[in-house]
Amino acid sequence: MIPRISTAATTALLLVLALTACSSPPAAVATPTPKPTQTAAEPIAEPASTPAPEPTATATPPTCETMISPGTVDALTEAGWTAGIKEFYVGGVQLSDGLLCFWADYTVASDHGQLFGWSEISATDAAKAQAALLADGWQREDSPEGVYVTQDARHALGTDEEGYGMTYLFGDGWVKLADTKQSLILIEWAG
């Protein structure tokens, strides 16, 4: 009798194994993954930042034709005027990287023309230049656009509708120059 029981038990075991093999596996119980916590002793490391690449000089420097608006260039060239480049000084400070253009008809002897200038300038040089201009009798005017320093109208060769003669506009790291304050709006170069 013993062999019959073991055959019956083996058959039952094989039947149970066959039935469980054909059925789908039990669903896995999801266990939440604990979130990392930050403690005072163990700060979470920040990802290392990669330094930004050094900027390359892709901007072309201004020219007498690109410093002012295209409409102004067209009007001046139609009048037969061309641009001559001059050394750019502001109150005794030389701006060797700047550009000062005097537009005129160079085929005739005349002092009639238009003056436009633009340059980068350090805060130190801007302060020196403004101090020198003010010491020479120029007038300072603060505005949202920057600091205007304008020639005393009594000594100006020409003035605009508001009475301003030659005028500098000092901005953040740059300076503009025109023969009148009103003409400063024709300078579009922003650097």
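Data overview
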| quantity | calculated |
| --- | --- |
| Residues being buried (at least 19 other Cβ atoms within 10 Å of the Cβ) and either out of contact with any helix residue (DSSP H, G or I) (no Cβ under 8 Å at 6 or more places or on another chain) or hydroxyl-bearing (Ser, Thr, Tyr) (or both) - total across segment 178-191 | 5 |
| Lone unmet requirement of (1) modelled with pLDDT under 95; (2) outside any strand (DSSP E or B) for residue 115 | (2) |
| Residue within segment 77-95 that is surrounded by fewer than 19 Cβ atoms within 10 Å (Cβ to Cβ), part of a helix (DSSP H, G or I), of a type in the set (D, E, K, R) and over 27 Å from the mean Cα position of the chain (by Cα) present | yes |
| Of the criteria (1) modelled with pLDDT under 95; (2) touching a helix residue (DSSP H, G or I) at 6+ places or on another chain (Cβ under 9 Å); (3) of a type in the set (A, V, I, L, M), which one residue 109 fails | (2) |
| Test: residue in segment 17-36 that is under 30 Å from the mean Cα position of the chain (by Cα), on the phi < 0 side of the Ramachandran plot, part of a loop (DSSP other than H, G, I, E, B) and at pLDDT below 50 | no |
| Residue check, residue 169 part of a strand (DSSP E or B), within 19 Å of residue 98 (Cβ to Cβ) and not β-branched (Val, Ile, Thr) | yes |
| Identity of the residue in segment 96-117, touching a Leu at 6+ places or on another chain (Cβ under 8 Å) and not charged (D, E, K, R), that ends up surrounded by the fewest Cβ atoms within 10 Å (Cβ to Cβ) | 115 |
| Among the residues listed as 165, 113, the single one being within 22 Å of residue 63 (Cα to Cα) and over 30 Å from the mean Cα position of the chain (by Cα) | 113 |
| Matching residues, segment 172-191, being assigned to a helix (DSSP H, G or I), out of contact with any Leu (no Cβ under 9 Å at 6 or more places or on another chain) and in contact (Cβ under 8 Å) with a residue 24 or more places away in the chain | 186 |
| Subset tally (residues that are among the hydroxyl-bearing types (Ser, Thr, Tyr), buried (at least 19 other Cβ atoms within 10 Å of the Cβ) and assigned to a helix (DSSP H, G or I)) for segment 118-148 | 0 |
| Residues of segment 149-169 classified as surrounded by 14 or more Cβ atoms within 10 Å (Cβ to Cβ), touching a helix residue (DSSP H, G or I) at 6+ places or on another chain (Cβ under 8 Å) and more than 24 Å from residue 65 (Cβ to Cβ), total | 4 |
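The values are calculated or read from the model by the stated rules, or taken from the named source; none is laboratory data. The model shown is predicted, which means the values in this text are computed figures rather than measured ones. Because the Cβ atoms are built from the backbone with ideal geometry, glycine has one as well, and the counts that use them run over all protein chains shown.
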